[in-house]
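Asker: Just dropping this structure here.
The values are calculated or read from the model by the stated rules, or taken from the named source; none is laboratory data. Because the structure is a prediction, the values reported are computed rather than measured. So basically every Cβ, Gly included, is an ideal-geometry build from the backbone, and we count neighbours across all protein chains shown. Just so you know, the surface numbers come from the protein's heavy atoms only, side chains and all, with ligands and any DNA or RNA stripped out. Shrake-Rupley method; radii C 1.70, N 1.55, O 1.52, S 1.80 Å.
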Amino acid sequence: PRLLREGFDAVSELITYLKSTEDKPGKSFWDRTTLLCYSDFARTPVINPQGGRDHHLASACLLAGQGIKGNVVVGGNK
């Protein structure tokens, strides 16, 4: 969990930097950036008999930027 938190903090710091750094007068780098964070490595949502998690086909990604609608889950269970 600590390393996961450090990863999210790093993404947050990157977005903050892009928002606060001007590319052109009145425009930040964030105004023309789309950020995609993805890993093709995933684990099953359930614990296996050995107390661990197996490899899994599903994964998650984070997409952020101008024009990206927030708080949307695609493919989630209802």
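Asker: For the subset of segment 55-71 comprising residues that are in a loop (DSSP other than H, G, I, E, B) and more than 23 Å from ILE15 (Cβ to Cβ), which member is most open to solvent (accessible area, probe 1.4 Å)?
Answerer: Top of the filtered list is LEU57.
Asker: Now for a different question. Taking interchain pairs and intrachain pairs at least six residues apart, which have beta carbon atoms under 8 angstrom, with the first residue in segment 58-78 and more than 15 Å from CYS37 (Cα to Cα) and the second at pLDDT 85 or above and among the basic types (Lys, Arg)?
Answerer: That search, which allows pairs on different chains as well, returns GLN66/ARG32.
Asker: Just to be sure I understand the filter: pairs with C-beta atoms under 8 Å, separated by 6 or more residues or on different chains, first member in segment 37-54 and of a type in the set (Asp, Glu) and in a loop (DSSP other than H, G, I, E, B), second member surrounded by 10 or more Cβ atoms within 10 Å (Cβ to Cβ) and modelled with pLDDT under 90. Which pairs pass?
Answerer: Listed by first residue and then by second, the contacts come to ASP40/SER59; ASP54/ARG43; ASP54/THR44.
Asker: Scan segment 17-38 for residues that are under 17 Å from LEU62 (Cβ atoms) and either surrounded by 12 or more Cβ atoms within 10 Å (Cβ to Cβ) or in contact with a Cys (Cβ under 6 Å, 6 or more places away or on another chain) (or both) and report the count.
Answerer: 8
Asker: Now for a separate question. Give the residue that is modelled with the lowest pLDDT, with candidates limited to residues of segment 1-12 that are over 18 Å from GLY70 (Cα atoms) and open to solvent by 100 Å² or more (accessible area, probe 1.4 Å).
Answerer: Of everything passing the filter in segment 1-12, PRO1 is modelled with the lowest pLDDT.
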